[in-house]
Amino acid sequence: MEEQKLSTDVAKAALDTSEVLRFEHWLRFYYLKERGGALVYDVPQAVVEKVRADAPHLAGLMEMVNGAETDQQRATENVCAFMASRMDGQKYQEGVLAKVFDSPSFKIEMYLFGLWNQSHEGLLDQEERDFAQWEKLYAEWRQDEKVKAYVAKLVSSQGSAGSTATQ
């Protein structure tokens, strides 16, 4: 029974973790600006307020990085610190997040998000979209029959990848 609960917690944590990573990517996509040779998050106040209203569970990450210089290492550290402070040992049993990053379902989900992002970059570049719009576009793409078939192939090639990859 305990193993089943841990598996369920890992699946739920994988969904939360992938949402945080998609959000951070959205922040970089629209609000990372070059200033004096450095990359700086520059989220306009109107967007800050919208995120606070629409996604308060993610606003802390935005507030942590807004106005700050970043690079790949800092971005990774910020995301990990955000998740550790809000999920590991708080929302989920300590150690669950470590299992998430090794789970096939999480790896498949992040691969799919990268694929979606790459194939939709032109569309996403046409106009700035809020995070809820990104999530809606991604969810709709995930429901496409061709994508579902592709996910099924990925899952079967991984063995049993869990429920998050098929949602």
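The values are calculated or read from the model by the stated rules, or taken from the named source; none is laboratory data. Here the structure is a predicted model, which means the values were calculated and not measured. Positions of Cβ are generated from backbone atoms using ideal geometry, with glycine treated the same way; all protein chains shown enter the neighbour counts. Remember, those area values only see protein heavy atoms, side chains included, never the ligands or the DNA or RNA. Shrake-Rupley method; radii C 1.70, N 1.55, O 1.52, S 1.80 Å.
Tally time: how many residues in region 26-85 are closer than 30 Å to Lys99 by Cα and in contact (Cβ under 8 Å) with a residue 60 or more places away in the chain?
Within region 26-85, residues that are closer than 30 Å to Lys99 by Cα and in contact (Cβ under 8 Å) with a residue 60 or more places away in the chain number 8.
If I go through region 139-150 residue by residue, how many of them are acidic (Asp, Glu) and either surrounded by 13 or more Cβ atoms within 10 Å (Cβ to Cβ) or in a helix (DSSP H, G or I) (or both)?
Going through region 139-150 one residue at a time, the tally reaches 2.
For region 62-138, list the helices (runs of 4 or more DSSP H) that sit wholly inside it and hold at least 1 residues that are in contact with a strand residue (DSSP E or B) (Cβ under 7 Å, 6 or more places away or on another chain) and open to solvent by less than 50 Å² (accessible area, probe 1.4 Å); which are they?
Ranges flagged: 96-102.
Tally time: how many residues in region 37-54 are touching a helix residue (DSSP H, G or I) at 6+ places or on another chain (Cβ under 6 Å), among the aliphatic types (A, V, I, L, M) and either surrounded by fewer than 14 Cβ atoms within 10 Å (Cβ to Cβ) or part of a loop (DSSP other than H, G, I, E, B) (or both)?
1
Within region 8-36, can you find the residues that are among the hydrophobic types (A, V, I, L, M, F, W, C) and open to solvent by less than 10 Å² (accessible area, probe 1.4 Å)?
Passing the criteria: Ala13, Ala14, Val20, Phe23, Trp26, Leu27.
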